[in-house]
1. Check 166, 122 and return the single one that is of a type in the set (S, T, N, Q) and over 20 Å from the mean Cα position of the chain (by Cα).
2. Quick check on my filter: what residues within region 152-164 are free of Cβ contacts under 8 Å to residues at least 24 places away in the same chain and assigned to a helix (DSSP H, G or I)?
3. Could you give every pair whose Cβ atoms fall below 7 Å, whose first residue belongs to region 184-213 and is at pLDDT below 90, and whose second residue is loosely packed, with under 15 Cβ neighbours inside 10 Å, counting only separations of at least 6 or pairs across chains?
4. How about region 170-203: which of its residues are open to solvent by 50 Å² or more (accessible area, probe 1.4 Å) and of a type outside the set (Lys, Arg)?
5. Hey, among the residues in region 145-159 that are at pLDDT 70 or above and among the small types (Gly, Ala, Ser), which one's farthest from residue 189 (Cα to Cα)?
6. Please pick out the residue among 142, 146, 167 that is open to solvent by 40 Å² or more (accessible area, probe 1.4 Å) and either assigned to a helix (DSSP H, G or I) or within 28 Å of residue 114 (Cα to Cα) (or both).
Amino acid sequence: MLDAPTRSGGTGTASPRAVATELVTASPVPVPPAAPAGLTARCARALLSPWARLSLLVALLGAAASLVLLFQPQRMLADGWPPQLGGFAAALMFAGAYGLCTVAFVPRPLLNLAAGALFGSQLGLGTALAGTVLGAGLSFGLGRMLGQDALRPLLRGRWLKAADGQLSRHGFRSMMAARLFPGVPFWAANYCAAVSRMGWVPFVLATALGSVPNTAAYAVAGARASAPTSPAFLIAMACIALPALAGVLVAWRKRHHLRAAVR
């Protein structure tokens with residue numbers, strides 16, 4: 001047995017269990033190297049950095065645009081929908097393809113005309129609106145998750161700050177105006193809204209409501225394209241031209257307010 005000093009100053013006998021506990025406590029514990037964990041963390045931070053996500057967004061959009069150029073979905077205007085597809089299932093597939101095409105920068109007027117020509121005025125309008133909301137939501141989500149953190153620090157110019165402030169403070173009203181009056185490309189409005197601080201709900205509601213008049217006009221024009229002198233076709237073309245003219249007039253009258261906002 002081992003002798004150990006007691007509190008009174010003498011010596012006492014230490015038990016083997018106490019001696020073993022002291023030896024285990026005093027022995028050094030091996031520490032695993034932290035280099036791999038640190039390297040993994042640095043790689044994760046690099047892959048999730050704002051500029052890496054923006055590069056991924058650019059790559060995805062470039063791939064989508066390349067697929068559009070390869071498959072040329074605009075040929076549906078001339079070739080029509082595949083004959084083996086029809087009914088409600090065809091409308092759902094067209095709405096999904098519509099949304100993906102808008103993400104890949106395909107102009108919505110062509111898709112709206114195709115919806116009217118393939119499905120008629122009513123079903124074509126519903127299909128085109130569903131594709132519009134789907135494409136806008138996909139673009140907004142991609143821009144918000146992959147591009148906002150990298151692009152917001154670049155909003156330093158007066159015009160950019162004014163546009164960002166307008167979209168952030170008056171999101172629903174601004175997006176309604178962009179959808180009602182043609183002139184602002186659909187994809188540009190989507191990604192500008194994604195970079196701003198606009199909420200999801202105002203963006204989706206304004207897109208769904210503001211796209212109805214223009215989409216309906218193109219769908220009717222596509223459905224009546226075989227009779228270009230019919231009253232329905234002429235009214236639809238008037239509904240397409242008048243908002244465009246109104247948008248030009250409003251922009252011309254508001255130019256002084258825009259100049260004052262950026263000063």
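1. Numbers: 166 fails: over 20 Å from the mean Cα position of the chain (by Cα).
One residue alone meets the criteria, 122.
2. Step one: filter region 152-164 for residues free of Cβ contacts under 8 Å to residues at least 24 places away in the same chain, giving 153-154, 156-157, 160.
The answer is 153, 154, 160.
3. Qualifying pairs under 7 Å: 195/152.
4. Once the filter is applied, which keeps residues that are open to solvent by 50 Å² or more (accessible area, probe 1.4 Å) and of a type outside the set (Lys, Arg), region 170-203 yields 170, 172, 180, 181, 182, 183, 184, 185, 187, 192, 200, 201.
5. Result: 150.
6. Details: 146 fails: open to solvent by 40 Å² or more (accessible area, probe 1.4 Å); 167 fails: open to solvent by 40 Å² or more (accessible area, probe 1.4 Å).
Criteria check complete, one pass: 142.
The values are calculated or read from the model by the stated rules, or taken from the named source; none is laboratory data. Because the structure is predicted, anything quoted here is derived from the model rather than measured. Glycine gets a Cβ as well: all are built from the backbone with ideal geometry, and neighbour counts include every protein chain shown. Quick note on the areas: whole protein, heavy atoms, side chains included, nothing else; ligands and nucleic acids left out. Shrake-Rupley method; radii C 1.70, N 1.55, O 1.52, S 1.80 Å.
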